[in-house]
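The values are calculated or read from the model by the stated rules, or taken from the named source; none is laboratory data. Predicted model only: the values in this text are computed from it and were never measured. FYI the Cβ positions are ideal-geometry reconstructions off the backbone, even for glycines, and counts take in every protein chain you see. For accessibility, only protein heavy atoms count, side chains too; no ligands or nucleic acids. Shrake-Rupley method; radii C 1.70, N 1.55, O 1.52, S 1.80 Å.
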Amino acid sequence: MVEKSFNCVTIRHSALQHNYKFMSAVVGSNVPVMAMVKADAYGHGMVRAAQAFAGAGCRVFGVAELCEGVVLRQSGIGGEIFVTLGIAEEDMGLIFTYKLTPVIYSYETALALSRTAIALGKKLDVHIKVDTGMTRLGVLPGDISGFFDSLSTMKGLRVAGVMSHFPGADDPESSSTTEGASAFTESCSLIKNRYSGICHIANSGAVLNFPSTYHDMVRGGIALYGYHPGGKDPCGTESSHPLVPALSFATRILQVKTVPAGTGISYGHTFRTTRTTRLAILPVGYEDGFSRSLSNKGCVLVQGQKAPVRGRVCMNMCMVDVTDIDEVKAGDEAVLIGSQGDSVLTADDLAETMESISYEVLCMIGNNNNRIYID
């Protein structure tokens, strides 16, 4: 069989399961962990990641869009699946068909769901999103009591939970997290005596940094994929949390050529050689998830050594300098994320160079790359 691409992304189920079990151990057996598998499971493959988490005991999953929840159900994923980004009115019926749990933040959506529930003769559990400082979707804390009262009058609906999100829980000194936690607790207390649902706000950062915020459930995101939400060196110290990156990304060298000093490389000739230089041409570019912002700044591993990117990263190719690496030839492996010999490049390393975060690095990795799932 012909491979789909020169580039290969490898995902280890054992690492995904290790991270899920670690988070579960941190919060304790009485607090379930919702596995966030939105954004194609942060670039790891939504269905396969959900299957791995399910194999580790996960029974609650979170997605952004309704279409993601439908795909999970059609792929045989059981348990509860939360749709967090809202639902278009014309798609309301799919929530019931596929037994999904909607997160709601508007009266109009609630009313449309109620009408659909009545028409289908069904009862639907919903979770209310409250905005406690993220300033994205959600009912403001001062409106939560009235919003809950409105939902209580709608037939076919049952408020089964209240949720929110932290804007800065990756920082253990975050004052916004303390403030948001207080606002969320107060919001829950306003309606706690009027319903029997659960409260959940803690994301990966809060799980690792703010144990007082666990409430009735937590939501695991980036930590499930092996990265600390605070980045490579959170708060100036190496992370002591034994998270295991689950994804590696490699390609192969297509050609090696020697060019003289003064040669311009790639679009715009933003790099000119200052010596006789050996270049390795790689079939990977920004279309594949190797960001253009790594131009003249990033590196890859070749024979266990760092080979710097020279010139602009193209759509499907980039060039790296292998002058100081002996006996490099076409067909040799080049590692973009992962290990080679004793050397390691992580998504945090790329993110640091890109002035971004590991989340973006992982989510950018395109599906045109060959994918292998092991363990």
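Looking only at segment 93-133, count how many residues are aliphatic (A, V, I, L, M) and in a loop (DSSP other than H, G, I, E, B). If you could, list the steps in order and put the result at the bottom.
Step one: filter segment 93-133 for residues aliphatic (A, V, I, L, M), giving 94-95, 100, 103-104, 110-113, 117-120, 124, 126, 128, 130.
Filter once more, keeping what is in a loop (DSSP other than H, G, I, E, B): 100.
Selection size over segment 93-133: 1.
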Q: Spot the failing condition for residue 6; the list is (1) free of Cβ contacts under 8 Å to residues at least 12 places away in the same chain; (2) not in a helix (DSSP H, G or I); (3) not β-branched (Val, Ile, Thr), and only one is missed.
A: (1)
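Just the residues that are open to solvent by 60 Å² or more (accessible area, probe 1.4 Å) and either closer than 18 Å to residue 362 by Cβ or not small (Gly, Ala, Ser) (or both), please, taken from segment 1-31.
Here is the first cut: in segment 1-31, the ones open to solvent by 60 Å² or more (accessible area, probe 1.4 Å) are 1-4, 6, 12, 18, 21, 25, 29-30.
Answer for segment 1-31, where residues must be open to solvent by 60 Å² or more (accessible area, probe 1.4 Å) and either closer than 18 Å to residue 362 by Cβ or not small (Gly, Ala, Ser) (or both): 1, 2, 3, 4, 6, 12, 18, 21, 30.
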Q: With the condition kept exactly as written, say whether any residue in segment 64-77 is in contact (Cβ under 8 Å) with a residue 40 or more places away in the chain and either part of a loop (DSSP other than H, G, I, E, B) or open to solvent by less than 50 Å² (accessible area, probe 1.4 Å) (or both).
A: no
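Which one of 285, 262 is in a loop (DSSP other than H, G, I, E, B), on the phi > 0 side of the Ramachandran plot and small (Gly, Ala, Ser)?
Working: 285 fails: on the phi > 0 side of the Ramachandran plot.
Of 285, 262, the one residue that is in a loop (DSSP other than H, G, I, E, B), on the phi > 0 side of the Ramachandran plot and small (Gly, Ala, Ser) is 262.
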Q.
Suppose we filter segment 276-334 for residues that are open to solvent by less than 50 Å² (accessible area, probe 1.4 Å), in contact with a Leu (Cβ under 8 Å, 6 or more places away or on another chain) and farther than 22 Å from residue 261 by Cβ; how many remain?
A. 11
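Give me the residue from segment 134-187 that is closer than 19 Å to residue 83 by Cβ and assigned to a helix (DSSP H, G or I) and, out of that set, least open to solvent (accessible area, probe 1.4 Å).
Residue satisfying both the conditions and the ranking: 151.
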Q. Residues in segment 6-31 that are touching an Asp or Glu at 6+ places or on another chain (Cβ under 8 Å) and more than 30 Å from residue 334 (Cα to Cα): how many?
A. 1
Q: Please verify whether segment 231-238 includes one or more residues that are surrounded by fewer than 17 Cβ atoms within 10 Å (Cβ to Cβ) and of a type in the set (Asp, Glu).
A: yes
**Q.** Cβ-Cβ under 8 Å pairs, at least 6 apart or on other chains, segment 39-54 side on the phi > 0 side of the Ramachandran plot, far side of a type outside the set (D, E, K, R) and open to solvent by 30 Å² or more (accessible area, probe 1.4 Å)
**A.** 39/363; 40/363; 40/367; 42/359; 42/363; 43/363; 43/364; 45/373
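Tell me yes or no: at least one residue of segment 253-261 is at pLDDT below 95, open to solvent by 30 Å² or more (accessible area, probe 1.4 Å), more than 30 Å from residue 372 (Cβ to Cβ) and aliphatic (A, V, I, L, M). Don't jump to the end; show me each part of the working.
Going residue by residue through segment 253-261, those that are at pLDDT below 95 are none.
No, that holds for no residue.
In this structure, is residue 60 closer than 25 Å to residue 180 by Cα, in contact (Cβ under 8 Å) with a residue 12 or more places away in the chain and open to solvent by less than 10 Å² (accessible area, probe 1.4 Å)?
Numbers: closer than 25 Å to residue 180 by Cα: yes; in contact (Cβ under 8 Å) with a residue 12 or more places away in the chain: yes; open to solvent by less than 10 Å² (accessible area, probe 1.4 Å): no.
No, not satisfied.
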